[in-house]
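Take a look at the structure below.
The values are calculated or read from the model by the stated rules, or taken from the named source; none is laboratory data. In this text the structure is predicted, and so the values were computed from the model without any measurement. Cβ atoms come from the backbone with ideal geometry, glycine included; neighbour counts cover every protein chain shown.
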2 protein chains.
Amino acid sequence: MQPALDRIQRGLARRKLDALLVTQPENRRYLSGYTATDHSIAETSGILLILANGKAPYLLTDSRYELQAEAEAKGFRVKLYPRGFFVLLRRLLSSEKIKHLAFESHYFLHSTAQILEKIAREKRVGLVPLTGLVEELRLQKSGEEVARIEAAVRMNEAVFREVYQSLRSGQTEKEVAQRIENTMRAHGAEGPSFDTIVAAGPNGALPHAVPTARAIQKGEPIIIDMGLRLAGYCSDMTRTVVLGTPDSRTVAMIRLVRKAQLAGLKALKAGVSGMAVDKVARSVIEQAGHGDHFGHSLGHGVGLNVHEGPALSYRNRKQLLAGMVVTVEPGVYLPGWGGVRLENMAVVEESGCRLLNHDTTFLDL
Amino acid sequence: MQPALDRIQRGLARRKLDALLVTQPENRRYLSGYTATDHSIAETSGILLILANGKAPYLLTDSRYELQAEAEAKGFRVKLYPRGFFVLLRRLLSSEKIKHLAFESHYFLHSTAQILEKIAREKRVGLVPLTGLVEELRLQKSGEEVARIEAAVRMNEAVFREVYQSLRSGQTEKEVAQRIENTMRAHGAEGPSFDTIVAAGPNGALPHAVPTARAIQKGEPIIIDMGLRLAGYCSDMTRTVVLGTPDSRTVAMIRLVRKAQLAGLKALKAGVSGMAVDKVARSVIEQAGHGDHFGHSLGHGVGLNVHEGPALSYRNRKQLLAGMVVTVEPGVYLPGWGGVRLENMAVVEESGCRLLNHDTTFLDL
């Protein structure tokens, strides 16, 4: 049994809960090793039932996933629900004597929760909506997890370099984004970890621009924000590049954002708050008079999800812990002109951080 | 204003509801024309607020989507929520005098619904979980919708033929599936409408097989189940093909499944129940002694979602209506040997149905 599972079981016992239904796909994978997902909001590929009393947990699924569940979820009892999830759950509530049941409120549809509530009333089971119990455990990565993330970062950089070398003016943002995602798959990635952003010239002024049919041009800043998923773990990286010679304004903006990024990375270590790291990087941009043009937070955690805790933002007063993996991605966005964003990933360590990226394209002008 | 919007407004008024929050992405697109989606369970790209009193509806979103919302959602009032959705909603509940508010229970997270419930209590607004109101409207397609679905079917067939011609023994299921999805994008599709299935030999015995690293071989049945999305609308098609010469068992199975499919298509028309059509096709397979090897329903509706109503299954007693678009996809699955599934799409008409597929690869042996 994995230590993470032990910790969840102890967490449940502390809260006087008998069991937890795990529906969030990355939480399910984290606790069980089971990798299936049906990519839909209803997520029918399986649900974990973790018991607080230390007994072997269940993976509840249907016949489509039986073989995969048996092969992947070591230490779990795989149970099929040919007559539907709730028929099986009803039976397990009785046989396992579950009187207080928690579920993941942030990954449970309201309509499904209504059925669960009805059953709980009938069976006199106390129902407790929980959020973040498993996510909390996932914040600090094990050595093996960091190694997997690092492999995803390396592959992402290799894909970036390959596509960057073939970048030509006249290619559309969409074309480039599509080539990036195809190249990820050709390198063996499970797929992109989010919709690839290619935003050139004025389109770069939107931090979350969607690639358009606009052709990229020489001399303009081109934001490429891309990440992939490998063995479950994500990478996330942004470069701002220029075809031909960047003008002095672009050079100045890249230098400013890079200065902010380096300041953020220097401040990043265990014991410092997410807020404090954000502030260090932000103040570099504010001092240059561009505070209003940096409208998002400095960074976010990355792991099985491409966006997870901890946040490097003014909202996060909590101390960072060793083993957390975060992005550091300051940006400057000027309406009408475009934007510059630079994003690297790093692991928080006791006395600093370890950068996971090696690529330096257009970083140090 | 679109007729669909009128019908929703009348439906709300009949139920004594003042407004409906629309969060399901395809419902949102159907009613507003707004195409954005963030592909996450939290779906942050926007929410519709439809008013029963006939006043112009709202599209509530954030600054990332402002331009797209203004351009696409004709007749809608686009409102941004820089301080979060619930701050804006609170204001609109007052200004629009909303006292009874419905939300899409099947596309609303339990944790989000808890916040909504708290606000409703504070503002003395009655909250009504609803499911299926917009989906009900979407069942019967307009002429323009059928034309879009037909275009998606044609493109899917063109992609299939291109990949089929390049199919060779030794290629892995995964490779073929990947090439299919790349070819879809090269043809201009928005993307696959579901994860492409390529299941050869014994893998074909699982109706929902996931492509593996197994190489496809001459002589074995290869199930290819693929669909794409074009201008929002989906296609879904299955062929079972053989490299080289199929043996007599494979030929017999394909002929049997095809016979069942043709019987189903012949029975398909307005006024007949989904259950009845399923039964007609199923009895062909049962009479051949393979009833136990056809473990799924005959078909499902297709539109903005690749799986929607109506079901062609023993559960659906409702009469089919003209303008519904469905798949007809019988199959036979023999553990250890493999499977055969054949899937075409058709529009229900008053006195029969119109087949949307033209490809006949391996259908009529």
Note to self: Against the definition (touching a strand residue (DSSP E or B) at 6+ places or on another chain (Cβ under 6 Å), away from chain A (no Cβ under 14 Å) and in contact (Cβ under 8 Å) with a residue 60 or more places away in the chain), how does B:Pro246 come out, yes or no?
What the structure shows: no
Check: Given the residues B:Ala42, B:Ala36, which is the only one that is farther than 17 Å from B:Ala73 by Cα and in contact with a strand residue (DSSP E or B) (Cβ under 9 Å, 6 or more places away or on another chain)?
Finding: B:Ala42
Next item on the list: Quickly run through region A:122-179 and pick out the residues that are of a type in the set (A, V, I, L, M, F, W, C) and outside any helix (DSSP H, G or I).
Entry: A:Val125, A:Leu127, A:Val128, A:Leu130, A:Leu139, A:Leu167
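Per-residue answers, yes or no, for (1) touching a residue at least 12 places away in the same chain (Cβ under 8 Å); (2) away from chain B (no Cβ under 14 Å); (3) touching a strand residue (DSSP E or B) at 6+ places or on another chain (Cβ under 8 Å):
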| site | (1), (2), (3) |
| --- | --- |
| A:Pro129 | yes, no, yes |
| A:Leu137 | yes, yes, no |
| A:Phe160 | yes, yes, yes |
| A:Ser166 | yes, yes, no |
| A:Glu173 | yes, yes, yes |
| A:Ile180 | yes, no, yes |
| A:Ala186 | no, no, no |
Item checked: Flag for A:Ala288 being surrounded by fewer than 21 Cβ atoms within 10 Å (Cβ to Cβ) and under 21 Å from A:Phe362 (Cα atoms) -> yes
Notebook entry, point to check: Which is in contact with a strand residue (DSSP E or B) (Cβ under 6 Å, 6 or more places away or on another chain) and not polar (S, T, N, Q), of A:Ala120, A:Ala71, A:Ala113?
Noted result: A:Ala120
Margin query: Between a residue in region B:34-55 that is touching a residue at least 24 places away in the same chain (Cβ under 8 Å) and at the interface with another protein chain (Cβ under 10 Å from one of its Cβ atoms) and any residue that is assigned to a strand (DSSP E or B) and surrounded by 13 or more Cβ atoms within 10 Å (Cβ to Cβ), which pairs come within a Cβ distance under 8 Å, given they are 6 or more apart or on different chains?
Written below: B:Ala36/B:Thr61; B:Ile41/B:Leu109; B:Ala42/B:Leu109
Next item on the list: List every residue pair whose Cβ atoms lie under 6 Å apart, where the two residues are 6 or more positions apart in sequence or sit on different chains, the first residue falls within region B:226-241 and is touching a residue at least 40 places away in the same chain (Cβ under 8 Å), and the second residue, located anywhere, is assigned to a loop (DSSP other than H, G, I, E, B) and polar (S, T, N, Q).
Entry: B:Met226/B:Thr196; B:Gly227/B:Ser193; B:Gly227/B:Ser235; B:Leu228/B:Ser193; B:Leu228/B:Ser235; B:Arg229/B:Ser193; B:Cys234/B:Ser193; B:Arg239/B:Thr361
Margin query: Given the condition over 29 Å from A:Glu308 (Cβ atoms) and either away from chain B (no Cβ under 14 Å) or in contact with a Pro (Cβ under 8 Å, 6 or more places away or on another chain) (or both), answer yes or no: does some residue in region A:111-120 qualify?
Written below: yes
Notebook entry, point to check: When region A:300-323 is examined, which residues are found to be under 10 Å from the mean Cα position of the chain (by Cα), buried (at least 20 other Cβ atoms within 10 Å of the Cβ) and either farther than 19 Å from A:Ser142 by Cβ or modelled with pLDDT under 95 (or both)?
Noted result: A:His300
Next item on the list: For region B:324-333, state whether one or more residues are assigned by TED's automatic domain parsing to the domain that holds B:Gly232, touching a Cys at 6+ places or on another chain (Cβ under 9 Å) and modelled with pLDDT of 95 or more.
Entry: yes
Item checked: Verdict on A:Val146 being surrounded by 20 or more Cβ atoms within 10 Å (Cβ to Cβ), under 30 Å from A:Met226 (Cβ atoms) and either within 14 Å of chain B (Cβ to nearest Cβ) or of a type in the set (Val, Ile, Thr) (or both) -> no
Note to self: For region A:232-257, which positions are among the polar types (S, T, N, Q) and surrounded by fewer than 17 Cβ atoms within 10 Å (Cβ to Cβ)?
What the structure shows: A:Thr245, A:Ser248
Check: Does A:Gly339 fit the bill of being over 29 Å from A:Gln217 (Cα atoms), modelled with pLDDT of 95 or more and not charged (D, E, K, R)?
Finding: no
Notebook entry, point to check: Does A:Lys55 meet the test of being loosely packed, with under 15 Cβ neighbours inside 10 Å, within 24 Å of A:Lys97 (Cβ to Cβ), out of contact with any Cys (no Cβ under 8 Å at 6 or more places or on another chain) and modelled with pLDDT of 90 or more?
Noted result: yes
Note to self: Suppose we filter B:Ile98, B:Ile50 for residues that are assigned to a loop (DSSP other than H, G, I, E, B) and surrounded by 13 or more Cβ atoms within 10 Å (Cβ to Cβ); which single one remains?
What the structure shows: B:Ile98
Checklist line | Options B:Arg64, B:Arg28, B:Arg83; residue that is part of a helix (DSSP H, G or I), more than 13 Å from every other protein chain (Cβ to nearest Cβ) and free of Cβ contacts under 8 Å to residues at least 40 places away in the same chain | finding: B:Arg28
Item checked: Check on A:Leu49, assigned by TED's automatic domain parsing to the domain that holds A:Thr112 and within 14 Å of A:Gly75 (Cβ to Cβ) -> yes
Check: Among strands (runs of 3 or more DSSP E) lying entirely in region B:265-341, which contain 3 or more residues that are in contact (Cβ under 8 Å) with a residue 60 or more places away in the chain?
Finding: B:308-312, B:325-328, B:331-334, B:338-341
Checklist line | Some residue of region A:155-172 being of a type outside the set (Gly, Ala, Ser), out of contact with any His (no Cβ under 6 Å at 6 or more places or on another chain) and under 28 Å from A:Ile8 (Cβ atoms) | finding: no
Item checked: Where A:Ser193 falls short, out of the listed (1) more than 14 Å from chain B (Cβ to nearest Cβ); (2) in contact with a strand residue (DSSP E or B) (Cβ under 6 Å, 6 or more places away or on another chain); (3) under 30 Å from A:His110 (Cβ atoms) -> (1)
Next item on the list: Return yes or no: is B:Pro211 under 26 Å from A:Asp195 (Cβ atoms) and within 14 Å of chain A (Cβ to nearest Cβ)?
Entry: yes
Notebook entry, point to check: Taking into account only those residues within region A:70-80 that are touching a residue at least 24 places away in the same chain (Cβ under 8 Å) and surrounded by fewer than 16 Cβ atoms within 10 Å (Cβ to Cβ), which is nearest to the other protein chains (Cβ to nearest Cβ)?
Noted result: A:Lys74
